[in-house]
1. Suppose the chain between Glu80 and Glu142 were pulled fully straight at 0.36 nm per residue; how much longer would it get relative to their current alpha carbon spacing?
2. Could you work out how much longer the chain between Leu34 and Arg114 gets when fully extended? Use 0.36 nm per residue separation minus the Cα distance between them, nm to one decimal.
3. With every protein chain left in place and a probe of 1.4 Å, what is the accessible surface of Ser133, to the nearest 10 Å²?
4. Rounded to the nearest 0.05, what FRET efficiency do His128 and Asp61 give with R0 = 22 Å and r taken as the Cβ-Cβ distance? Could you check?
5. If I compute solvent accessible area with a 1.4 Å probe over the protein chains, what percent of it on region 1-90 is carbon and sulfur?
6. Under a 5 Å amide H to amide H cut-off, with H placed in plane at 1.01 Å, what residues pair with Ala81 once short-range neighbours are removed?
7. Pick out, from Val94, Gly104, Ala75, the residue whose Cα sits farthest towards the positive end of the charge dipole of region 1-151, with +1 on the Cβ of Lys and Arg and -1 on the Cβ of Asp and Glu.
8. Rounded to whole Hz and in sequence order, give me ³J(HN,Hα) for region 8-20 from the Karplus expression 6.51 cos²θ - 1.76 cosθ + 1.60, θ = phi - 60°, writing x for Gly and Pro.
Amino acid sequence: LLKRSARLDSLTGLPLRHGLEEEFSRFRAQARQLGKKTVLMMIDVDHFKQFNDRYGHWRGDEVIRMLAEIAIEAAAPDPEAFATHIGGDDFCIVTSPEMVDEIGAGCVERFDARVAKHYDDDDIRRGHIATRSRTGEQQQFEIMTLTAVAATAEAADMEHFGQLFQVLAELKVHTKGMASSNYFKDRRRDHGWS
């Protein structure tokens with residue numbers, strides 16, 4: 001897995017978001033020379049903030065390190081893939097359309113297999129954690145799940161990198177409404193921007 005950025009996150013060892021657009025452009029240019037397309041996948045965790053509130057930042061950092069491991073492991077079958085930690089519990093993987101489904105499914109599968117070890121046994125048995133809101137109200141939150149979304153950069157009306165993140169944000173809102181960990185890929189060729 002390529003780690004070309006000089007700016008590495010001290011927590012995960014992955015490049016930070018600053019070099020993502022440059023690396024994405026490089027990956028895309030190489031892919032186009034071969035007549036191939038490029039996909040950007042984003043993964044993040046549902047209920048991570050509540051986990052942090054319940055268990056503290058040290059255990060939250062352990063979850064972030066686990067996410068980095070998952071991104072690296074899932075992307076490993078694509079030797080050209082590029083993974084980056086864009087902040088908090090958000091990670092991106094640049095890959096090809098041929099590999100993205102395997103990588104997305106791999107992220108979800110690995111996360112679901114490992115997430116329980118970060119919780120106390122009582123919380124796992126209950127299937128939720130209880131924390132207090134800022135107003136002091138007791139609230140329950142489900143065990144963390146993973147949302148993985150992907151979009152191609154080759155849609156006919158995609159003009160700049162920011163639009164790709166706009167599509168990913170829309171997909172995340174759609175996918176986060178589901179009850180379990182999920183991977184979802186944008187299949188639109190036109191997003192109505194033109």
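The values are calculated or read from the model by the stated rules, or taken from the named source; none is laboratory data. Note that the structure is a prediction, hence the values are computed from the model and not measured. Positions of Cβ are backbone-derived with ideal geometry, glycine not excepted, and every protein chain shown enters the neighbour counts. For the accessible areas, the whole protein counts, side chains as well, though only heavy atoms, and no ligand, DNA or RNA atoms are used. Shrake-Rupley method; radii C 1.70, N 1.55, O 1.52, S 1.80 Å.
1. 18.8 nm is the gain from fully extending Glu80 to Glu142.
2. This chain segment gains 25.1 nm when fully extended.
3. 30
4. The computed FRET efficiency comes out at 0.50.
5. Here it works out to 48 percent.
6. Distant-sequence amide H within range of Ala81: Leu2.
7. Val94
8. 9, 6, 5, 7, 10, x, 8, x, 7, 5, 4, x, 5
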